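Comments concern the structure below.
The values are calculated or read from the model by the stated rules, or taken from the named source; none is laboratory data. Note that the structure is a prediction, hence the values are computed from the model and not measured. Quick reminder, even Gly has a Cβ in these numbers, built from the backbone with ideal geometry, and neighbours come from all protein chains shown.
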Ligand SMILES: [Ca+2]
Ligand SMILES: [Ca+2]
């Protein structure tokens, strides 16, 4: 990661802030639906804090969401010890790093899984091996909603960089994150590296092919991360930003991320 000083934090610099927001769910009683809009056959709902009218998360769905506060679960639930995401599964935490009123950073739900952190036992069973009760308990204890982070680094409305969760190939646990960015901001992902939990600690060996970056998604054996993913998520961000215009200035404010008192 090059040491570049810019006015606004880059994805790797901002990641710990956004990651911390995704890990700390507020009480639902503090939240309210600030606006819901229908655009191009999709519903976009903004949920935020009652007292400051600052957005916490955005949902993006085909159907209208009856109650975007009640129907979104910011913490992982369980059904017979299998993680569940709740009723609405397409949502994320938006940020406006350059404070122009448009979303330029999105942490989007990618699934539910635990992370192999520093305490992860080296002898934890592989996917096809039998699990003891304490293995199941550790899985449930460590399980959380996993977010992939997308950033528009030059604030032109198109995404240029991503932090993607990468599963352990042999276990249903997240092994690391892959960082990929287009340094020319043209969609060509030419800056690729990985880290475990700390963006300053490298973890090498990301495989890049002509099709894109090879990784292990949650719930499927292999995936390819490439320019198409940037396009797809850019389209979602664009729709969210158009919804902000439809809601009207003053309906709410977006979080900047670097203030302790959001919206003050
Ligand atoms: Ca912005
Ligand atoms: Ca851009």
Any residue in segment 106-126 that is touching a residue at least 24 places away in the same chain (Cβ under 8 Å) and within 16 Å of ligand 2 (Cβ to nearest atom)? yes
Lone unmet requirement of (1) in contact (Cβ under 8 Å) with a residue 24 or more places away in the chain; (2) not in a loop (DSSP other than H, G, I, E, B) for residue 20: (1)
Write out, first by first residue and then by second, each pair whose Cβ atoms fall under 9 Å of each other, whose residues are 6+ apart or on separate chains, and whose first residue, in segment 135-156, is without any contact (Cβ under 8 Å) to a residue 40 or more places away in the chain while the second is within 14 Å of ligand 2 (Cβ to nearest atom) and part of a loop (DSSP other than H, G, I, E, B). 154/160; 154/185; 156/185
Any residue that is assigned to a strand (DSSP E or B), more than 17 Å from residue 257 (Cβ to Cβ) and free of Cβ contacts under 8 Å to residues at least 24 places away in the same chain - is there at least one of those in segment 36-47? yes
Matching strands (runs of 3 or more DSSP E) fully within segment 134-228 where at least 1 residues are within 23 Å of residue 117 (Cα to Cα), modelled with pLDDT of 95 or more and within 16 Å of ligand 2 (Cβ to nearest atom): 143-151, 161-167, 174-181
Does segment 95-105 contain at least one residue that is assigned to a strand (DSSP E or B), touching a residue at least 60 places away in the same chain (Cβ under 8 Å) and within 16 Å of the chain's Cα centre (by Cα)? yes
Against the conditions (1) part of a loop (DSSP other than H, G, I, E, B); (2) away from ligand 2 (no atom under 16 Å from the Cβ); (3) touching a strand residue (DSSP E or B) at 6+ places or on another chain (Cβ under 8 Å), where does residue 51 fall short? Just the number, please. (3)
Consider residue 98 carefully, then state whether it is within 16 Å of ligand 2 (Cβ to nearest atom) and surrounded by fewer than 18 Cβ atoms within 10 Å (Cβ to Cβ). yes
When you scan segment 69-84, do you find a residue that is in a strand (DSSP E or B), touching a residue at least 24 places away in the same chain (Cβ under 8 Å) and closer than 19 Å to residue 230 by Cβ, even just one? no
Looking at (1) within 21 Å of residue 105 (Cβ to Cβ); (2) touching a strand residue (DSSP E or B) at 6+ places or on another chain (Cβ under 8 Å); (3) not in a helix (DSSP H, G or I), which is the one condition that is false for residue 240? (3)
